[in-house]
Amino acid sequence: MSDIKTLGKRRTIRFESELDRLLSAKAALEKKSVSRLIRDSVRASFKEKGQTPGEWILSVADNPPRPPSTDRLAFRKKYRERHQ
C-alpha cells in the first residue's frame, strides 16, 4: 500500500514485452519492486542531466506528432462542408 502524501499522481506506462522482462529481471537482482526501480531511475536521470521533469518527458518521448492520415483529412473536409 502506498502513502498518498508521499507518492503523487499515479501514471500508467506500457512497456514492450522485452523491456518489461528486462525491468523485472533487474528489479529482482536489486531486490526492489519494478515501480521502485523505475522511480529511482527517473530520479537519477533528473539529477544526472539537470533537466526538469517536463524536459525529461519530452526527450524520452521523442515522438513528433504525425501528420493526419488522408482519411482523417477527407473526414475533416466533409465535416467542414456539412457544418458551414
As I understand it, the value is the acute angle between the Cα axis of helix 34-49 and the longest principal axis of the Cα atoms of the chain; what does it come to in degrees, rounded to 10? 80
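Given the peptides 69-77, 28-36, 12-20, arrange them by the average over their residues of other C-beta atoms within 10 Å, most packed first.
Ranking the peptides 69-77, 28-36, 12-20 by packing returns 28-36, 69-77, 12-20.
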Fraction of alpha-carbon pairs in the chain farther than 22 Å apart, rounded to whole percent, equals 52
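None of the figures in this text is laboratory data; all of them are computed from the coordinates on show. Because the structure is a prediction, the values reported are computed rather than measured. Methodologically, a virtual Cβ is constructed for each residue, glycine included, from the backbone with ideal geometry; neighbour enumeration extends over all protein chains shown.
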